[in-house]
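Shown next, in structure tokens, is the structure this report addresses.
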Amino acid sequence: MQKLWRCRLTKILITGGAGFIGRRVSYALTAEGYDVVALDALIDQVHRRSDPPVLPRGVRLITGDVRDASLVRKALDGVEAVVHLAAEVGVGQSMYAINRYVSANDSGTAILFEELARSSVRRIVVASSMSVYGEGLYRDASGRQRTHVQRTFAPGHAWEPLDETGRPLVPLATPETKPVDLASVYALTKYVQERLTLMLAAAYGMEGCALRLFNTFGPGQSLSNPYTGVLAIFASRLLNNRPPMVFEDGLQRRDFVHVDDVAEAFAAALKAPEASGHVFNIGSGQSRSILEVAQLLATAMGKSDLDPEIIGKARIGDIRHCFADITQACTLLDFKPKRSLETSLDEFTSWLATQSAIDSVGRARTELEERGLVS
């Protein structure tokens, strides 16, 4: 049953194929000669009605929900591999739109697999998320690694995680071996997606792997969705001549990876014989503070006078530091991120200059505060 990765695939289904990442994956795959079908619900929060998705020539778009079994069955006709991207995305919103996230992400994956079990599909690559880690890996003052770190948000708390004696912990690059620590509904649903994929692919004679994506950025992000993509959220504020809104003190660190590097990782995961049964971190291997990113983007957009607004509050479900150790992806997928944040900002801001955005960040913050999800 484990011979599939040595076979050349020809027809690929991308669920969520008209989304930010899905479109770039479709370009990467068609450039390699694959026949691509995209299934996408085109939800309003992500897709503005005035901006129909632009897909590569020859890609067939099927509009509909991955929870529609008959539509999924139709989309799988003749397909040999699946890239499963369809999901609701956003840590903060997931903490109150609970049924929406669990239904779309986990029921959607379950229905997809019920149809995959009847299909000729040989491999599936699912998009998971760095959010499954909760806090990243840390080292304490004695040099011991800490894999399970949680913060307290009591009055007078420190933003940085501390050990039992009050000493600060040092953040380290997080490998796939770190145990998961699910801090949000979104993280829970992504972990269910990846475990369903690894479990059921093996059970039905397919081969599967999961890519844990870190903070993906690049042209084509949804600028009017206030719940995902911090670079896009900052851009939305700046395009409307408002300062970027930064939670906590802005010194929390993340890994920003270009969408084209992510697309190449999916293409590699479809081909690599060693990928089956594994999860992979897909990031840049570099960390940046959120405040630094806000300042870099404002400067690149010619709006350095709009100093970031430091909120001094945290959203429930947010973590302090998490950035990727990408050793396993480099070794097994031959993954080599080529585009750094600094070298990609000109391209990103050139695209932004052609865009408009509805700034809904203030409304999203109010929705969280009204539910007690900001402390």
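The values are calculated or read from the model by the stated rules, or taken from the named source; none is laboratory data. Given the structure is predicted, the values throughout are model-derived calculations rather than measurements. When we count neighbours, we look across all protein chains shown, and the Cβ atoms used for this are built from the backbone with ideal geometry, even at glycine. When the accessible area is computed, the model is the full protein with side chains, heavy atoms only, and any ligands, DNA or RNA have been set aside. Shrake-Rupley method; radii C 1.70, N 1.55, O 1.52, S 1.80 Å.
Within the chain, what is the number of lysine pairs with alpha carbons under 19 Å apart, leaving out pairs fewer than eight places apart on the same chain? If you can, show how the numbers build up before the last one.
Values: LYS3/LYS11; LYS3/LYS271; LYS11/LYS74; LYS11/LYS271; LYS178/LYS190; LYS271/LYS336.
The number of close lysine pairs in the chain is 6.
Sort largest first and round to whole Å: the equivalent ellipsoid semi-axes of the chain, each the square root of five times a Cα gyration tensor eigenvalue.
Working: eigenvalues 210, 118, 76 Å².
Whole-Å semi-axes of the equivalent ellipsoid: 32, 24, 19.
Over region 64-125, what lengths in whole Å, largest first, do the semi-axes of the equivalent ellipsoid take, defined as the square roots of 5 times the eigenvalues of the alpha-carbon gyration tensor?
Working: eigenvalues 121, 25, 14 Å².
Calculated on Cα positions only, the semi-axes equal 25, 11, 8 Å.
Let me have the relative contact order for the chain, percent, based on Cα pairs under 8 Å that are six or more residues apart.
Values: 787 pairs, mean separation 69.5, N = 375.
Once divided by the residue count of the chain, the mean separation gives 19 percent.
Given N residues in region 18-99, what is Rg(Cα) / (2.2 N^0.38 Å)? Mind dumping the intermediate values first?
Values: Rg = 13.7 Å, N = 82, 2.2 N^0.38 = 11.7 Å.
Cα-based Rg divided by the globular estimate yields 1.16.
Cα centroid distance between region 149-201 and region 335-354, in Å?
Between the Cα centre of region 149-201 and that of region 335-354, the gap is 28 Å.
So for the chain: antiparallel DSSP bridges make up what percent, rounded to the nearest 5? Could you put the intermediate results ahead of the total?
On the way: 9 of 45 bridges.
That works out to approximately 20 percent antiparallel.
Which whole number in µm²/s is D for region 213-273 by Stokes-Einstein, with the Kirkwood Rh taken over Cα pairs at 37 °C and 0.692 mPa s? Working shown, then result.
Values: Rh = 13.2 Å.
Approximately 248 µm²/s, per Stokes-Einstein.
Give the calculated FRET efficiency between ASP305 and LEU162 to the nearest 0.05, with a Förster radius of 35 Å applied to their Cβ-Cβ distance. Walk me through the intermediate numbers first.
On the way: r = 36 Å, r/R0 = 1.03.
The computed FRET efficiency comes out at 0.45.
Return the long-range amide H neighbours of ASP163 (sequence gap of 5 or more, or a different chain), with a cut-off of under 5 Å between placed amide H atoms.
Under 5 Å from the amide H of ASP163: LEU169.
Amide H of SER129: which non-local residues (sequence gap of 5 or more, or other chain) have their own amide H closer than 5 Å, using H built in the peptide plane?
Correct list: LEU213.
Run the numbers on region 240-318 and let me know its relative contact order in percent, using alpha-carbon pairs under 8 Å that are six or more apart. Each step should come with its number before you reach the end.
Working: 81 pairs, mean separation 43.4, N = 79.
Across region 240-318, relative contact order equals 55 percent.
Please report the projected area of region 93-135's Cα convex hull averaged over all directions, in nm².
Details: hull surface 15.6 nm².
Its average projected convex-hull area is 3.9 nm².
Run lengths n ≥ 4 of DSSP H only: what is the helix-derived mean residue ellipticity at 222 nm for the chain, with -39500 (n - 2.57) per run over all residues, to the nearest 500? Before the final figure, lay out each step's value.
Numbers: 12 runs with 117 residues, N = 375.
Rounded to the nearest 500, the figure is -9000 deg cm²/dmol.
Only bridges with both residues in region 202-346 count here: give the DSSP antiparallel percent, nearest 5. Walk me through the numbers before you get to the answer.
Details: 2 of 13 bridges.
Roughly 15 percent of the beta bridges in region 202-346 run antiparallel, per DSSP.
In units of 2.2 N^0.38 Å, what is the alpha-carbon radius of gyration of region 273-375?
Against the empirical 2.2 N^0.38 Å value, I get 1.40 for region 273-375.
Under the rule of at least 5 residues apart or a separate chain, name every residue whose amide H is placed under 5 Å from the amide H of LEU61.
Close amide H contacts, sequence-distant or interchain: ALA38.
List, largest first, the extents of the alpha carbons of region 124-212 along their principal axes, each in whole Å.
If we take the Cα atoms of region 124-212, the spans are 51, 28, 15 Å.
Taking the Cα centre of the chain as origin, work out the dipole magnitude from +1 charges on Lys and Arg Cβ and -1 charges on Asp and Glu Cβ, in debye rounded to 20.
Numbers: 42 positive and 43 negative charges, 138 e Å.
In total the dipole reaches around 660 debye.
Give me the number: length gained by fully extending SER103 to CYS330, i.e. 0.36 nm times residue separation minus the C-alpha to C-alpha distance, one decimal in nm. Intermediate results must be reported in sequence, preceding the final value.
Numbers: separation 227, 0.36 × 227 = 81.72 nm, distance 3.35 nm.
Taking SER103 through CYS330 to full extension adds about 78.4 nm, to one decimal.
Considering only protein heavy atoms, what per residue accessible area in square angstrom results for the chain with a 1.4 angstrom probe?
Details: 15370 Å² over 375 residues.
Dividing the accessible area of the chain by its residue count gives 41 Å².
If I compute solvent accessible area with a 1.4 Å probe over the protein chains, what percent of it on the chain is carbon and sulfur? Before the final figure, lay out each step's value.
Details: 7900 of 15370 Å².
Carbon and sulfur: 51 percent of the exposed surface of the chain.
How long are the semi-axes of the ellipsoid equivalent to region 165-222, from square roots of 5 times the Cα gyration tensor eigenvalues, in whole Å, largest first? All intermediate terms of the calculation are to be shown ahead of the outcome.
On the way: eigenvalues 152, 72, 29 Å².
Result for region 165-222: semi-axes of 28, 19, 12 Å.
In degrees from 0 to 90, rounded to the nearest 10, what is the angle of the helix 290-300 Cα long axis to the longest principal axis of the chain?
Approximately 80 degrees, to the nearest ten.
So if I restrict to the alpha-carbon atoms in region 121-280, what is the Rg, and what is Dmax, the biggest pairwise distance, in Å?
18.2, 54
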